[in-house]
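Q: Attaching a single structure in structure tokens format; questions to follow.
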Amino acid sequence: MRRYETFVIIDPDIPQEQCEPVLERVRELITQQDGFLVFEDVWGERKMAYAIKKRERGYYVRFDYCGLAPLVNEIERFFRIDDRALKYMTVVLDKDVDLEKVKEEKAAAESQREPEPAPPETPPETESAELVQEQPAEKQEETAAPEPPVAEEAPASEPTESAENTTPVEKKEEA
């Protein structure tokens, strides 16, 4: 089994309701042909480098999957006959892939990306004041740090000392 990556640019002028069936069809093809979808990366609408079918923008999607050559042929055939797909490209990532190892990698990646637990409900006002007092002194200083003082500018009429003591000629001699 091989690992492939297919990029497709979908017409951005079609509504989202008509774009989703294209992506769903690719997912179905992968499962029907005994493939394994590793990752689907939706990049969204972006400006293209050059116009394709008089379109300046495109809706980009990347599929990372494992399968055999007939699966790739069927996906590309679908993109050729569907007018919603402006452009597509398939690249072989790995010629001999261990499907079990890929599934383990996907499970490990998903476990790292698990959503964080929802923050607890906001405590009553009396408790929030106590929580602020319990914060370490460093964090309280960070949250309530005063703005740095602004240096006062010298009046334009009074020359500064450095301008009186040095002249451009002396600077050249020093250098």
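The values are calculated or read from the model by the stated rules, or taken from the named source; none is laboratory data. None of these values were measured; they are calculated from a predicted model. Cβ placement follows ideal geometry from the backbone for every residue including glycine, while neighbour counts extend to all protein chains displayed. These area figures cover heavy atoms from the full protein model, side chains too; ligands, DNA and RNA do not enter into them. Shrake-Rupley method; radii C 1.70, N 1.55, O 1.52, S 1.80 Å.
Q: Looking at Val102, Val38, which one is of a type outside the set (D, E, K, R), surrounded by 16 or more Cβ atoms within 10 Å (Cβ to Cβ), modelled with pLDDT under 90 and within 16 Å of Phe7 (Cβ to Cβ)? Break it down stepwise before answering.
A: On the way: Val102 fails: within 16 Å of Phe7 (Cβ to Cβ).
Result of the check over Val102, Val38: Val38.
Q: Something else: Can you tell me which of Pro119, Pro115, Pro149 is open to solvent by 100 Å² or more (accessible area, probe 1.4 Å), modelled with pLDDT under 90 and under 30 Å from Pro15 (Cα atoms)? Step through it out loud before you land on a result.
A: Details: Pro119 fails: under 30 Å from Pro15 (Cα atoms); Pro149 fails: under 30 Å from Pro15 (Cα atoms).
Pro115 is the lone residue from the list that is open to solvent by 100 Å² or more (accessible area, probe 1.4 Å), modelled with pLDDT under 90 and under 30 Å from Pro15 (Cα atoms).
Q: Just to be sure I understand, how many residues within the stretch 11-41 are over 12 Å from Phe78 (Cβ atoms) and in contact with a Lys or Arg (Cβ under 8 Å, 6 or more places away or on another chain)? Spell out the reasoning first.
A: First, pick out the residues of the stretch 11-41 that are over 12 Å from Phe78 (Cβ atoms): 11-20, 31, 34-41.
With in contact with a Lys or Arg (Cβ under 8 Å, 6 or more places away or on another chain) added as a condition, the list becomes 11-14, 18-19, 36-41.
Count: 12.
Q: Could you check the stretch 54-76 and list, in sequence order, the residues that are open to solvent by 90 Å² or more (accessible area, probe 1.4 Å), free of Cβ contacts under 8 Å to residues at least 60 places away in the same chain and either under 10 Å from Tyr4 (Cβ atoms) or outside any loop (DSSP other than H, G, I, E, B) (or both)?
A: Glu56, Arg57, Asn73 - these are the residues of the stretch 54-76 that are open to solvent by 90 Å² or more (accessible area, probe 1.4 Å), free of Cβ contacts under 8 Å to residues at least 60 places away in the same chain and either under 10 Å from Tyr4 (Cβ atoms) or outside any loop (DSSP other than H, G, I, E, B) (or both).
Q: Among what's in the stretch 77-99 and is within 27 Å of Arg46 (Cα to Cα) and free of Cβ contacts under 8 Å to residues at least 40 places away in the same chain, pick the residue that is most open to solvent (accessible area, probe 1.4 Å). Write out each step before concluding.
A: So the first thing to find is which residues in the stretch 77-99 are within 27 Å of Arg46 (Cα to Cα), and the list is 77-93.
Keeping just the survivors that are free of Cβ contacts under 8 Å to residues at least 40 places away in the same chain gives 77, 80-81.
Details: Arg77: 102, Arg80: 144, Ile81: 113 Å².
The qualifying residue most open to solvent (accessible area, probe 1.4 Å) is Arg80.
Q: For Pro21, only one of the following conditions fails: (1) within 13 Å of Ala85 (Cβ to Cβ); (2) outside any helix (DSSP H, G or I); (3) open to solvent by 40 Å² or more (accessible area, probe 1.4 Å). What is its number?
A: Against the list (1) within 13 Å of Ala85 (Cβ to Cβ); (2) outside any helix (DSSP H, G or I); (3) open to solvent by 40 Å² or more (accessible area, probe 1.4 Å), Pro21 comes up short only on (2).
Q: Need the failing condition index for Phe7 against (1) at pLDDT 90 or above; (2) surrounded by fewer than 17 Cβ atoms within 10 Å (Cβ to Cβ); (3) in a helix (DSSP H, G or I), just the number.
A: Phe7 satisfies every listed condition except (3).
Q: Starting from the stretch 1-23, keep only residues that are free of Cβ contacts under 8 Å to residues at least 12 places away in the same chain, then list their pairs with residues that are not aromatic (Phe, Trp, Tyr) whose Cβ atoms are within a distance under 9 Å, requiring at least 6 positions of separation or different chains.
A: From residues that are free of Cβ contacts under 8 Å to residues at least 12 places away in the same chain, the pairs are Pro21/Arg84.
Q: Turning to a different aspect of this structure: Regarding the stretch 62-73, can at least one residue be identified that is under 24 Å from Glu105 (Cα atoms), out of contact with any strand residue (DSSP E or B) (no Cβ under 7 Å at 6 or more places or on another chain) and of a type in the set (Asp, Glu)?
A: Checked against the condition, which is being under 24 Å from Glu105 (Cα atoms), out of contact with any strand residue (DSSP E or B) (no Cβ under 7 Å at 6 or more places or on another chain) and of a type in the set (Asp, Glu), the stretch 62-73 yields no hits at all.
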